[in-house]
C-alpha cells in the first residue's frame, strides 16, 4: 500500500482497513485524515503509561514483570489488523507508543535485538521496528539513521517518514552535520528514483524535514535548497514540513519562501495545508493568526480557511464524539473568514465525520446535514455532504437525502453519482 509510506505504522493500518471499500474516496481526503491522525500519535506522551523498570531491558525482563512488553503478542495484533480481522483501539495504541517513549536508547536497542531474534513474518517485524524507530530517533537521530540505513531510500516500506523526521531532529541539533550526511547519501545514489515520474517520495520527505529546520537557522540556505529542486518537487517539499505546525517565528520566512518558489495555485494549496495544520495542532484562531502574519491575499485566505475548518472538525472527530456544537463553532469562525463557503464546508465536514465513522454514524450525520440544509436553504450543505460521506455504504439513505436537493440540476447530478 503506497499510502503506508506517509503514515505511522498504526495509522497506516487504520486508513488501510477502509481502503478496499473506499476506493471512490479521493487520495487527498485520505491524506487529510492521515495528517490528523499523526497529531494524535504525537500526543501519545501525554497519556498515562506503565513505567519501565530501571535497569531492565525488554530482553532481560522476567515474564512475571507486568510492565514487560510481549513483542510476539504485539506482532500478532499488527498481523491481525493487516488482515482486517480486528479493530484497533487507538487510545491503547497511543498508550503503547507512550510506553516506548519512556524507554531509553539502550532499552530501545535491546528491544530491537529481541524483535530481530523472534520468528516473525517480515511485515510484522517491520511494523514492530517502525514503532521503535520514532522513540529511538528522538533519543539519538544520527544513530537511528545509521541503524536503519538499509531502509533509507526504500519507498516500499513504511519507515520513510520516521527516518526523514530523524534527519529533521538531527538538523535541529546540528544542521551542518545533518546536511552533510544527507548530501553524501544523495551523492551515493541512496535516494535515486526508481519510478517513471523521476521522483523519490522518501527523498521529498527528507528534504521537507531538513528545509523546515534550516528555515529557523539559515533562511538563505533553505531557499537555495528548495530552488535547486525541480519545479514539480518544490510544492511537495514545502507541503511536507513534518506535517506539523510551522513555528510562529518562522511563518513569515516560510511564506516568503513559498511565494518565491512555487506557482500561485500551489502557493494557495500550501498555505491551506499550513492553516489546517495550525487548526489541528492548535485552534482555528491559530489558523487566523497565521493568515494575518503572512498577510494572506483574499483568495489565499478563503481557500486556507476552508481547509482549516475541515481539518478542525476532522481532528475533533478522531478525538471522540462530535456534534452540532462543534459544527456551529466552526461555522461561526468560517463566516468571518470565508462567508461564502460556510454551507459547503459544513456539509463536507459532516460528511467526513460519517465517512470513516469518525465521531458520528452515517444516519446521525445525515440528519445533521439535513438540519443545516433546512435552516440555511442552501443546497451546498447536502451536495457537500454527499461528496464526502462514503455513500457507497449507504446508497439508499443517500438517495433519499439527494432527493431533498432543491436545485434540479444539482439533484440530478447527485442522484447520478449514486447509481
Please give the Cα centre distance for segment 392-419 versus segment 249-283, rounded to the nearest Å. 36
Quote the relative contact order of segment 320-419 in percent (integer), defining contacts as alpha-carbon pairs under 8 Å separated by 6+ residues. 26
Calculate, for residue 263 and residue 227, the FRET efficiency according to 1/(1 + (r/R0)^6) with r their C-beta to C-beta distance and R0 22 Å; round to the nearest 0.05. 0.95
Describe numerically, in nm with one decimal, the distance between label points set 7 Å from Cα along Cα→Cβ at residue 73 and at residue 289. 4.3
With no solvent and one equal point scatterer placed on each C-alpha of segment 320-419, evaluate the Debye formula and give log10 I(q)/I(0) for q = 0.10, 0.14 Å⁻¹, two decimals. -0.23, -0.45
Quotient of Cα radius of gyration and Kirkwood radius for segment 245-319, i.e. Rg/Rh, equals 0.96
Where labels lie 7 Å past Cα in the beta-carbon direction, separation of residue 123 and residue 217 in nm: 4.0
Cα gyration tensor category, rounded, prolate or oblate, for segment 142-231 with a/c compared to 1.5: oblate
For segment 290-354, what are the per-bin percents of Cα-Cα distances with bins 10 Å wide, up to the bin holding the maximum? 22, 54, 22, 3
How far is it, in nm, from the label point at residue 193 to the one at residue 407 when both lie 7 Å from their Cα along the line to the Cβ? 3.9
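Rule-based calculations on the coordinates, nothing more; no lab input. Note that the coordinates shown come from a computational prediction; the quantities given were computed from them, not determined experimentally. All Cβ positions, even for glycine, are placed from backbone atoms using ideal geometry, and neighbour counts span all protein chains on display.
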